[in-house]
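Engineer: Below is the structure I would like to discuss, written out as C-alpha cells.
FYI, it's all coordinate maths here, none of it is from the lab. Being a predicted model, the structure only gives us computed values, none of them experimental. Here the Cβ positions follow ideal geometry from the backbone for every residue, glycine too, while neighbour counts run over all protein chains shown.
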Amino acid sequence: MEEYSNKVMDHFLNPRNMGEIKDANGIGVVGNPVCGDIMKMYLKIENNIIKDAKFKTFGCGAAIATSSMATELIIGKAIEEALEITNRTVAEALDGLPPIKMHCSNLAQQAVKAAIDDYKKKNEKK
C-alpha cells in the first residue's frame, strides 16, 4: 500500500477551504475519467488578487488533499502567481505524493487554471 505523508493525511482529514463561494467570479471544473475524480474550484478575485478560494472534490484522499493545498497556495496571490503553481508545487507542499497519485496534483493545477480562465472570460473588456 502506498504511504501518504502526514501533510497529505492532514489535508485529507481536515481539508482547508472546502465548500463553495456563492458569488464566485471564477469557477473551474475538471475531471479525470480514468480514476473518476472530479474537482470544482471556486475563486473570488478582486483587483487581480485571489481573495478567496474554495473547492468541492469528489475523489480519493489524495484528490481532496491536493485541492485543499492548492487553495492554500493561491489565496492572497495575484492571478499570474497562481498560474505559475504547478502540480509539482502542490505535491511538494504536501511533502510528496505516491507516484500513482501524482495525477491528483495535475487535477488541482488544472482546476485553478480553469477557474482563472473562467474569470478572465467573464471579465474581458467588451
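Engineer: Quickly run through segment 35-80 and pick out the residues that are in contact (Cβ under 8 Å) with a residue 24 or more places away in the chain, assigned to a helix (DSSP H, G or I) and within 13 Å of the chain's Cα centre (by Cα).
Structural biologist: Selection gives A62, A63, I64, A65, T66, S67, S68, M69, A70, T71, E72, I74.
Engineer: Report yes if some residue within segment 45-57 is among the aromatic types (F, W, Y), crowded, with 19+ Cβ neighbours inside 10 Å and farther than 18 Å from R16 by Cα; otherwise report no.
Structural biologist: no
Engineer: Can you find a residue that is in a loop (DSSP other than H, G, I, E, B), out of contact with any strand residue (DSSP E or B) (no Cβ under 7 Å at 6 or more places or on another chain) and of a type in the set (S, T, Y) anywhere in segment 101-117?
Structural biologist: No, segment 101-117 contains no residue that is in a loop (DSSP other than H, G, I, E, B), out of contact with any strand residue (DSSP E or B) (no Cβ under 7 Å at 6 or more places or on another chain) and of a type in the set (S, T, Y).
Engineer: Let me confirm something: among N87, N123, which residue is under 10 Å from the mean Cα position of the chain (by Cα), of a type outside the set (A, V, I, L, M, F, W, C) and over 17 Å from D10 (Cα atoms)?
Structural biologist: So the residue among N87, N123 that is under 10 Å from the mean Cα position of the chain (by Cα), of a type outside the set (A, V, I, L, M, F, W, C) and over 17 Å from D10 (Cα atoms) is N87.
Engineer: If you don't mind, another one. Mind counting the residues in segment 58-109 that are within 23 Å of I21 (Cα to Cα), in contact with a helix residue (DSSP H, G or I) (Cβ under 6 Å, 6 or more places away or on another chain) and not hydrophobic (A, V, I, L, M, F, W, C)?
Structural biologist: 7
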